[in-house]
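The values are calculated or read from the model by the stated rules, or taken from the named source; none is laboratory data. Just so we're clear, the structure is a prediction, and the values are computed from it rather than from any experiment. Reconstructed Cβ throughout: ideal geometry from the backbone, glycine too, with neighbour counts over all protein chains shown. Only protein heavy atoms, including side chains, enter the accessible area calculation; ligands, DNA and RNA are left aside. Shrake-Rupley method; radii C 1.70, N 1.55, O 1.52, S 1.80 Å.
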Number of protein chains: 2
Amino acid sequence: MFRNFKTVPYVVFGRGCFNQLDNILSQKRENPESFMVFMVDDVFEDNRLRERIPAKPRDLLLWVNVDHEPKTEYVDRLTSRVREFSNRLPCGVIGIGGGSSMDLAKAVSLMLTNPGTSAEYQGWDLIQHPAVYHVGIPTLAGTGAEASRTTVLCGPDKKLGINSDYTPFDQIVLDPELLSGAPLDQRFYTGMDCYIHCVESLTGSYLNAFSRSYGEKALDLCTEVFIEGGPEKDDKLMVASYLGGMSIAYSQVGICHALSYGLSFVLGIHHGIGNCLTFDQLEEYYPEGVEEFRRMMEKHAIKLPWHLLSAAQEHEIEKMVDVASILDPLWENALGPDWKKIMTREKMRDLYACLLRQCQA
Amino acid sequence: MFRNFKTVPYVVFGRGCFNQLDNILSQKRENPESFMVFMVDDVFEDNRLRERIPAKPRDLLLWVNVDHEPKTEYVDRLTSRVREFSNRLPCGVIGIGGGSSMDLAKAVSLMLTNPGTSAEYQGWDLIQHPAVYHVGIPTLAGTGAEASRTTVLCGPDKKLGINSDYTPFDQIVLDPELLSGAPLDQRFYTGMDCYIHCVESLTGSYLNAFSRSYGEKALDLCTEVFIEGGPEKDDKLMVASYLGGMSIAYSQVGICHALSYGLSFVLGIHHGIGNCLTFDQLEEYYPEGVEEFRRMMEKHAIKLPWHLLSAAQEHEIEKMVDVASILDPLWENALGPDWKKIMTREKMRDLYACLLRQCQA
């Protein structure tokens, strides 16, 4: 059986297309009593973008904080705030920000129509009811959250996405102008999420011609943006992120993402940074990718923040291994069906120990 | 304003995925009285594929003939046959075949819910009501009909698509195994539809980073398939066709397609062949593309069927010019906003005259 891949059905792309959001939403506002929920990265609270958000007086605007990776408990709290605001469902949830903000919007749109707590739905195809109409608007590019069928959350005992056909956005608004304000290092780490997941999927065993085409083009665009430079960098990075997300249709990420999940869960390290720290240590598995990644770092004068690992205690490695080791599809994609013989807990422990030693170097 | 691009929301890709069709449709069969309409290229009437079509006893199977390009009058006749079959709407229309068969299925699914004749809807966004659920299954690759928001029809006075957000399929089933049976020349002409529309969109003025990425990848895949050869040719060609269709989101075709429409309308020449005959004469406008196209022809020992033009009468050139000249977006994309000063009716007449002279050469 091949996956019947659910795509985002409406995509608008272009410099300044954020200005069309009001018009797009107006077609979904059912009557004068209906309302929308805007979930916006609180980094924009004192930003010019704030004035451009087309919220109406009846709408709910939630500033979301993504200093930490999104937690299931935070999703549940935000969902409660929407329920307290009105006893009706909103006619839309709009996420504006990076991958974390978009994932929060996806998760809240699902939890408004599905009972219980979001942690109960971490996994594959556990969601029973369609989500509220939801829109994604990236202000950082690289995660692929705008195109994917998951919303990645840290739960009480694992970091795992809510994967379902109801998870993808109903509409995305891809405006490259929104990328221009991001700090350079954050832009780099997020862009590398795309680069790394393309390397992992293109070298993986799950690949087919569909996903390979998307992955190759996304990788080419990353290289253009981060090595060759040249015009339209933000446009290309935004497209790379979307194509990278699409490439996951028939592929999977690999060793870097699996280990990075453990770092995020235990130390709260952001996904993009966790990926970069991890990938830099995986020369044995992805020699060409790591070599090119280091050239990109050099070109952009990136110094990896190894100090973020200094808080880690030796005994926390066990928990990291717990989180990473349940991600079967990632390991199988990277190492084949016999991955458990190759990547023992012992070996994972070694990889984490090696990583943690870097902060002392 | 940027186009809010409607994509196909469900895509399944893989060798043998045609076998999943029954399962996919079963989720749309509402009750024991509901029925599906299969519209299948009649070339498969005596083919093994016939046995694999998952039609139930209550379903309607229509063998469609696409020896000629799809006509609005044929669409109306097929729609009537569905209405005569049942006074209920079908719960799905499934098109199996090349671009023409898929376009017929798209058109019938629209006309079942929209009053009047299909000719009334040739144009942009004239459709008022959502179509019946419709599924596209290509057995030839290159047209991009599986991904596009149009169904191209020859009407009483023009060849023009029914372009609307309701036109794209709700589901496509991309099984590269289905490509293997096509005659080699037909496979080539249809593949060139993708190659040519990529050349036209990549050299056009409408392009942005989104469409460029899709177009470049589709073009690369065409080159791999038709010049380099190598493994997975059918898989790559099927992906190229889909990506080529997606690339039209923010681009347009150009001179070749515009002139080819005139040939099809007046002489009934199939779109793929019409494109190839025309493109071969457009060295002045697409020098690199035409040069590579000729290398592809040489490699595949293709002799263009110039004799198809021998039926043309001198006076019919006026009608060809009529059909081509109303395609403003195509000309503007190719030649810029002042295209009417460059591409006068006189110049179009010359291009057609030059083309028709080839059949005497």
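What order do you get for B:265-275, B:128-138 when each peptide is scored by the mean count of other beta carbon atoms within 10 Å, highest first? Don't skip to the answer; put the middle values down first.
Details: B:265-275: 23.4, B:128-138: 21.3.
Final packing ranking: B:265-275, B:128-138.
Hey, what does the equivalent ellipsoid look like for segment B:69-138, semi-axes from the Cα gyration tensor as sqrt of 5 times each eigenvalue, largest first, whole Å?
On the way: eigenvalues 50, 48, 29 Å².
In descending order the semi-axes read 16, 15, 12 Å.
In debye, nearest 20: dipole of chain B around its Cα centre with unit charges on the Cβ of K, R (+) and D, E (-)? Provide the component values of the computation, followed by the final result.
Details: 35 positive and 49 negative charges, 123 e Å.
Its charge dipole is roughly 600 debye.
For segment B:1-61, what number results from the quotient of the Cα radius of gyration and 2.2 N^0.38 Å?
On the way: Rg = 15.1 Å, N = 61, 2.2 N^0.38 = 10.5 Å.
Normalised Rg, Cα atoms only: 1.44.
About its Cα centre, how strong a charge dipole does the protein assembly as shown have in debye, to the nearest 20, once Lys and Arg get +1 and Asp and Glu get -1 at the Cβ? Please list the in-between numbers first.
On the way: 70 positive and 98 negative charges, 229 e Å.
With Lys and Arg at +1 and Asp and Glu at -1, about 1100 debye.
Using just the C-alpha positions of segment A:189-250 as equal point scatterers, what log10 of I(q)/I(0) does the Debye formula give at each q in 0.14 1/Å?
-0.33
Measuring with a 1.4 Å probe in the full set of protein chains, what accessible area per residue, in whole Å², belongs to the protein assembly as shown? If you can, show how the numbers build up before the last one.
Working: 28110 Å² over 722 residues.
Computed with neighbouring chains in place, this is 39 Å² per residue.
For segment B:270-361, taking Cα atoms only, what is the radius of gyration to one decimal and the Dmax to the nearest whole Å?
Both quantities, over Cα of segment B:270-361: 14.0, 39 Å.
What angle do you read, to the nearest 10 degrees and between 0 and 90, between the alpha-carbon axis of helix A:209-223 and the longest principal axis of chain A?
90 degrees
Could you give me the percent of Cα pairs per 20 Å distance bin for the protein assembly as shown, shortest bin first, beginning at zero and ending with the bin that holds the maximum distance?
17, 48, 30, 5, 0
Each residue of segment B:274-280 in turn: what ³J(HN,Hα) in whole Hz from Karplus with 6.51, -1.76, 1.60 and θ = phi - 60°, glycine and Pro shown as x?
After applying 6.51 cos²θ - 1.76 cosθ + 1.60, I find x, 4, 5, 4, 6, 4, 4 Hz.
For segment B:7-132, what are Rg and Dmax over the alpha carbons, in angstrom?
Rg then Dmax for segment B:7-132, in Å: 14.5, 40.
Go ahead and estimate [θ] at 222 nm for the protein assembly as shown from helices alone: -39,500 (n - 2.57) per DSSP H run with n ≥ 4, summed, over the residue count, rounded to 500.
On the way: 28 runs with 312 residues, N = 722.
It lands at -13000 deg cm²/dmol.
In whole Å, how far is the Cα centre of segment A:109-127 from that of segment A:244-282?
Distance between centres, Cα-based: 23 Å.
Can you give the average number of partner chain beta-carbon atoms within 10 Å of each beta-carbon in peptide B:233-246, as a whole number?
Values: counts 1, 1, 5, 4, 1, 2, 7, 2, 0, 2, 5, 0, 0, 2.
The per-residue average across the peptide is 2.
Taking the Cα atoms of segment B:167-291, what is the range of coordinates along each of the three principal axes, in descending order and whole Å?
Projected onto the principal axes, the Cα atoms of segment B:167-291 cover 36, 35, 34 Å.
List, shortest first and in nm to one decimal, how far the label point of B:Pro130 (7 Å from Cα along Cα→Cβ) is from its counterparts in the other copies.
Ordered by distance, the counterparts are at 0.6 nm.
Using Cα atoms only, what is the angle between the long axis of helix A:287-299 and the major principal axis of chain A, expressed in degrees (0 to 90) to the nearest 10?
60 degrees
Restricting attention to segment B:190-227, which chymotrypsin sites (Phe, Trp or Tyr not before Pro) occupy a DSSP loop and are surrounded by at most 11 other Cβ atoms within 10 Å?
Working: sites: B:Tyr195, B:Tyr206, B:Phe210, B:Tyr214, B:Phe226; in loops: B:Tyr206.
Passing sites in segment B:190-227 do not exist.
So in the protein assembly as shown, what percent of DSSP beta bridges are antiparallel if you round to the nearest 5?
Working: 12 of 60 bridges.
Looking only at bridges with both residues in the protein assembly as shown, the antiparallel portion is about 20 percent.
For chain B, what proportion of DSSP beta bridges, expressed in % and rounded to the nearest 5, is antiparallel? All intermediate terms of the calculation are to be shown ahead of the outcome.
Numbers: 3 of 27 bridges.
The antiparallel proportion sits near 10 percent.
Based on the alpha carbons, how large is the Rg to Rh ratio for segment B:137-194 when Rh follows Kirkwood? Don't jump to the answer; show the numbers that get you there.
On the way: Rg = 13.1 Å, Rh = 12.8 Å.
Over the Cα atoms of segment B:137-194, Rg/Rh equals 1.02.
Kirkwood hydrodynamic radius for segment A:125-165: how many Å is it when counted over pairs of different Cα atoms?
Values: mean 1/r = 0.0842 Å⁻¹.
Kirkwood radius, segment A:125-165: 11.9 Å.
Please compute the average number of Cβ atoms from other chains found within 10 Å of each residue's Cβ in peptide B:11-19.
Numbers: counts 10, 8, 10, 7, 3, 2, 4, 0, 2.
Mean shielding count: 5.
Find the Cα radius of gyration of segment A:98-218, compare it with 2.2 N^0.38 Å by division, and give the number to two decimals.
Dividing the Cα radius of gyration by 2.2 N^0.38 Å gives 1.11.
Using only the Cα atoms, what convex hull volume per residue in Å³ does segment A:202-361 have?
Values: hull volume 17.8 nm³, N = 160.
With only Cα atoms used, segment A:202-361 gives 111 Å³ per residue.
Reported to two decimal places, what Rg/Rh ratio describes segment B:229-285 when computed on Cα atoms with Rh from the Kirkwood expression? Mind showing how you got there, number by number?
Values: Rg = 13.8 Å, Rh = 13.0 Å.
Radius of gyration relative to Kirkwood radius: 1.06.
Could I have the simple spin-label model distance between B:Glu73 and A:Asn23, label points 7 Å from Cα toward Cβ, reported in nm to one decimal?
With each label point 7 Å from Cα toward Cβ, the separation is 4.0 nm.
Suppose you put the label 7 Å out from Cα in the Cβ direction; list, shortest first and in nm with one decimal, how far B:Glu51 is from each other copy's label.
Nearest first, the other copies' label points are 7.1 nm away.
A:Lys303: which lysines have alpha carbons under 22 Å from its alpha carbon, excluding same-chain residues fewer than 8 sequence positions away?
Of all the lysines, those that pass the test against A:Lys303 - Cα under 22 Å, at least 8 places apart if same chain - are A:Lys233.
With everything on Cα atoms, drop me the angle between helix B:99-111 and the longest principal axis of chain B, reported from 0 to 90° to the nearest 10.
Taking the Cα atoms of chain B, the angle to B:99-111 is about 60 degrees.
If you stretched the chain out fully between A:Ala311 and A:Asp328, how much longer would it get, using 0.36 nm times the residue separation minus the C-alpha to C-alpha distance?
Fully extending the segment from A:Ala311 to A:Asp328 adds 3.3 nm.
Based on Cα positions only, what radius of gyration and what Dmax would you give for chain A, in angstroms?
Over chain A's Cα set, Rg and Dmax evaluate to 19.6, 61 Å.
Say a label goes 7 Å from Cα toward Cβ at B:Ser205 in every copy; what distances in nm does this one have to the rest, shortest first?
Label-point separations across copies, in nm and ascending: 5.4.
Residues of A:202-212, mean number of Cβ from any other protein chain within 10 Å of their own Cβ, rounded to a whole number?
If you average over the peptide's residues, the count of other-chain Cβ atoms is 4.
Between B:His300, B:Leu259, B:His315, whose Cα lies farthest towards the positive end of the dipole of segment B:253-320 when Lys and Arg beta carbons carry +1 and Asp and Glu beta carbons carry -1, centred on the Cα centre?
It is B:His300.
What GluC sites (Glu not before Pro) in segment A:216-286 are in a loop by DSSP, with at most 11 other Cβ atoms within 10 Å of the Cβ?
The qualifying sites are A:Glu284.
If you take the square roots of the eigenvalues of the alpha-carbon gyration tensor of segment B:321-361 and sort them as a ≥ b ≥ c, do you get rounded (a/c under 1.5), prolate (a/b over b/c) or oblate? Mind dumping the intermediate values first?
Details: a/c = 2.54, a/b = 2.34, b/c = 1.09.
It comes out prolate by the Cα gyration axes.
Mind listing which trypsin sites (Lys or Arg not before Pro) in segment B:253-323 are in a DSSP loop and have 11 or fewer other Cβ atoms within 10 Å? Spell out each step's value before the answer.
On the way: sites: B:Arg294, B:Arg295, B:Lys299, B:Lys303, B:Lys319; in loops: B:Lys303.
Loop-located and lightly packed - B:Lys303.
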